[in-house]
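Here's the structure we're looking at; comments come further down.
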Amino acid sequence: MFENIDLSNNKRPSDPRFGSGPSLVPVEFMEKLLATGQDLLGTSHRKAPIKNLVKEVQDGLSKYFSLPDDYKVVLGNGGATFLFDMIGLGMVKKKSAHFTCGEFSEKWFKAHNKVPWIEAEQISVPYGKGIDGKNIADADMVCVTLNETSTGVQISKLPEVDNDTILAVDATSGGGQIPCDLSKTDLFFFSPQKVFASEGGLFVAIMSPKAYNRALEMAAGDRYFPVIMSWKLAINNSDKNQTYNTPAIASIFFLNEQIKLMNSVGYEKACEMAEEKAQLIYSWAAEKKYLSCYVEEEKYRSRSVATINVDESFPVTPLIDWLAEKKIAYGIDGYRKLGKNQFRIALFHNIKYDDLNKLLNIISQAIEAN
């Protein structure tokens, strides 16, 4: 069906990993891990090799985000979905307010809504629309999602909250390349399998003094929470450059290599590079009569995950399958629950501008030839 497309080597992307699920982990990171031989994998996470690695991650993130000196970088096992429950159980006093615009922001709300001793309020917009959040008078936590992975919507600004309210930001698929002043957040968290080019199963929680004081205050009370979700244990272990329970060392290693890579250009430049890729793909969608941006309002269009609608006259599934078969692009189908005829293409830091341009040219050829 697509046999006439020119796939000579200089027309193909150098790496097919454009998916917005697990990130593009550079092959050189794997080679560096292999080179550690017997010195890292299989050693105790309470010993120097792993503790030094965790400290590198903490110091590297502090540098990258220009964190205030009194902010903490807390690591633990479980990922961002795990944190949805951990936050509800251990950091919300009475009520959390959730601003939702897609599958994952709603997932966070649903997790808190199941906790019987707190109230969770949902303020939502239809999928594909943006929402920034605001202070809610009777809520002691305001929850916003920096980038909604399912829809390709990002917030356009951080809400301002009062002194008694925690501003919690799920930054899983946007943290690191969407501009954000972390000094205006209290809990900025992510799992590193997106922009930070690692694998799942780990969480990073960047906490203001307000957030960790709240967490420690609540830990001293009599409210129930599973020990594995103890903020006190997570904070105390992170202060010692370790995690409470045994982590996947490879995930921390890959994360650290990515942080070093991103610190070599700096946060501002990394955001500029993401902006260039966003302008490329959204301009492409605007120029082609058979394409359109799923997110109509420009200020809410993601700089890390782009969702592009395709005219219904051209079903995208055969093309997506062909691109995967030819090892041109993996995992660029739209989010399954949206049910849209669209592409969802990651713009993560390790995806090269030139590779993205080549992919878009191949897609254009394929559609225009049919």
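Dimensions of the chain along principal axes (Cα, Å, largest first)?
67, 52, 32
Per DSSP helix of 4 or more residues, -39500 (n - 2.57); summed, then divided by the residues of the chain. What does that give at 222 nm, rounded to the nearest 500? Write out the running numbers ahead of the final one.
On the way: 10 runs with 130 residues, N = 370.
Taking each H run of at least 4 residues, the total per residue is -11000 deg cm²/dmol.
Taking a spot 7 Å from the Cα of K157 along the direction of its beta carbon, which residues of the range 201-221 have an amide N less than 11 Å from it?
In the range 201-221, the label zone of K157 (backbone N under 11 Å from the point 7 Å along Cα→Cβ) covers no residue.
With a cap of 13 neighbouring Cβ atoms within 10 Å, and only residues DSSP puts in a loop, list the GluC sites (Glu not before Pro) found in the range 120-177.
E160
Taking every Cα atom in the range 279-370, find the radius of gyration and the maximum pairwise distance Dmax, and write them in Å.
In order Rg, Dmax, the Cα atoms of the range 279-370 give 12.3, 35 Å.
When only Cα pairs under 8 Å and 6 or more residues apart are kept, what is the percent relative contact order across the chain? Don't skip to the end; give the middle numbers.
On the way: 708 pairs, mean separation 88.7, N = 370.
So the answer I get is 24 percent.
A 26 angstrom limit on the alpha carbon distance is what I want to check against. Which of K51/K232; K63/K210; K129/K337; K95/K299; K299/K352 exceed it? Before the final figure, lay out each step's value.
Details: K51/K232 19 Å; K63/K210 21 Å; K129/K337 16 Å; K95/K299 29 Å; K299/K352 23 Å.
In this structure, K95/K299 exceed 26 Å between Cα atoms.
Loop-only chymotrypsin sites (Phe, Trp or Tyr not before Pro) in the range 167-271, please: DSSP not H, G, I, E or B, and at most 12 other Cβ atoms within 10 Å. Let's see the in-between values first.
Values: sites: F188, F189, F190, F196, F203, Y212, Y224, W231, Y244, F253, F254, Y267; in loops: F196, Y224, Y244.
Answer in residue order: Y224.
Give a quick list of GluC sites (Glu not before Pro) in the range 272-364 that DSSP marks as loop, anything other than H, G, I, E or B, with at most 12 other Cβ atoms within 10 Å.
Here the GluC sites (Glu not before Pro) that fit, given the DSSP loop and packing criteria, are E296, E297, E312.
Roughly what % of DSSP beta bridges within the range 105-262 run antiparallel, to the nearest 5? Please report the intermediate quantities before stating the final value.
Details: 6 of 14 bridges.
DSSP beta bridges in the range 105-262 are roughly 45 percent antiparallel.
Taking neighbour counts of Cβ atoms within 10 Å as a proxy for exposure, in what order, fewest first, do S20, S251, S8 appear?
If I rank by nearby Cβ atoms, fewest first, I get S8, S251, S20.
Over the Cα atoms of the range 151-225, what radius of gyration and what Dmax do you get, in Å?
Rg, Dmax (Cα atoms, Å): 14.0, 40.
Restricting to the chain, what percent of DSSP beta bridges are antiparallel, rounded to 5?
55 percent
By how many nm would the segment from K260 to I228 grow when fully extended, if each residue of separation counts as 0.36 nm and the alpha-carbon distance is taken off?
8.6 nm
On a full-extension model of 0.36 nm per residue, what is the gain between S124 and K47, subtracting their alpha-carbon distance, rounded to one decimal in nm?
Going from the current span to full extension adds 23.1 nm.
In the chain, which helices (entire DSSP H runs) extend 24 Å or more along their own long axis, judged by Cα positions, while averaging at least -1.0 on the Kyte-Doolittle scale? Before the final figure, lay out the partial values.
Numbers: long enough: 267-287 (30 Å, -0.54).
Those that pass (Cα extent of 24 Å or more, hydropathy at least -1.0) are 267-287.
Computed from the coordinates by the stated procedures, all read-outs in this text should not be read as laboratory data. What you see is a predicted model; the values in this text were computed from it and never measured. Using ideal geometry, Cβ is built from the backbone for each residue, glycine included, and neighbour counts are taken over all protein chains shown.
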